[in-house]
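Presented below is the structure to which this report refers.
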Amino acid sequence: MTKAKQSGAFKGHRYPSEIISYAVWAYFRFPMSFRDVEDLLYKRGVIVSYETVRSWVGEFGHQYAKVIRRDRPAPSDKWHLDEVVITIRGKKYWLWRAVDSKGPSHRCKQRLPGSGRVDILVQSRRNTKAADRFFRKLFKQYGLPRVLVTDKLGSYGAALRKLAPGIDHRAHKGLNNRAEVSHRPTRRREKIMGRFKSPRQAQRFLSVHDQVQTIFRPRRHKLSAPAYRQSRSDAHSIWDDITCELKAG
């Protein structure tokens, strides 16, 4: 293949931005391995190695996620938080996740669908210090919500009493199903990837994965067929717009 002239973030790459964009999208949109994406591209006449796909995902994934995070609507004033254990090289870590009341796949009439997923953080503990760190990360980026819904883990309350005692904190297992459900795509990807290799790799992957899922996974069972097709079309338009922005540099 003749080396194409690329610009912006794609400058210096052999393959056109459309191919790189497609590979990054496929990897984060579907539960695929790098070799799966390699086979998918081969079927379309593009011969690359899975290592090339890996490098594209590592280089461009966070750039797409950064633009999605920048342009999505502000989260609502009610957040649901939950933590789930993930095993990395035989050691337990905790994935902390916050979603807002719009849910992980709510649609709204803006350039991006509703915010849904707010943020994640991979940590080795789920004590008060870990909760404090997660809250500080969230509050610095999004401000303080009106309501926080968590399970009955005491670390949440202890951290909030010090950081933001005025927030309405509702600790109730049954109220927090929204955050718990948001972990399911992570579990599917964790299985496909043969578990995460390091806390840093898990953090980098999930930070991108959650943003991509925000726009490409509408709550299909609650949409009519025409509404779902429009949602899907909007999502791909957003992805193409981001590719053009990265090309422009």
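The values are calculated or read from the model by the stated rules, or taken from the named source; none is laboratory data. As the structure is a computational prediction, the values presented were derived from the model and not from experiment. Ligands, DNA and RNA are excluded from the accessible area calculation, which covers all protein heavy atoms including side chains. Shrake-Rupley method; radii C 1.70, N 1.55, O 1.52, S 1.80 Å.
Setting aside same-chain residues fewer than 8 positions from K66, which aspartates and glutamates have a Cα under 17 Å from its Cα? Within the straight-line cut-off, K66 pairs with D119, D210, D240, D241, E245.
The residues of the chain have, on average, 51 Å² of accessible surface per residue, using a 1.4 Å probe with all protein chains present. The length gained by stretching the chain between K11 and S55 to full extension, at 0.36 nm per residue less their Cα-Cα distance, is 14.4 nm. To the nearest ten degrees, helix 199-216 and the longest principal axis of the Cα atoms of the chain are 80 degrees apart. Phi-derived couplings, Karplus 6.51 cos²θ - 1.76 cosθ + 1.60 at θ = phi - 60°, listed residue by residue for segment 89-96: 6, x, 10, 7, 10, 10, 9, 8 Hz, with x used for Gly and Pro. Couplings 3J(HN,Hα) of segment 10-17, computed from phi: 8, 4, x, 8, 6, 8, x, 4 Hz, in residue order, whole Hz [Karplus 6.51 cos²θ - 1.76 cosθ + 1.60, θ = phi - 60°; x for Gly and Pro]. 3J(HN,Hα) along segment 73-81: x, 4, x, 5, 8, 10, 10, 10, 10 Hz, from the Karplus curve 6.51 cos²θ - 1.76 cosθ + 1.60 with θ = phi - 60°, whole Hz, x for Gly and Pro. Close amide-amide hydrogen proximity is noted between I86 and Y93, W94, L95, each under 5 Å apart and 5 or more residues distant or on a separate chain (H modeled in the peptide plane; Pro and chain starts excluded). With all protein chains present, how much of the accessible area of the chain (probe radius 1.4 Å) comes from carbon and sulfur, to the nearest whole percent? On the chain, the fraction of accessible area on carbon and sulfur atoms equals 51 percent.
Residues whose amide H falls under 5 Å from that of D119, counting only those 5 or more places apart or on a different chain, are A98, with hydrogens built in the peptide plane.
Using only Cα atoms, tell me the angle between helix 225-248 and the longest principal axis of the chain; keep it within 0 to 90° and round to the nearest 10. Orientation of helix 225-248: about 70 degrees from the principal axis.
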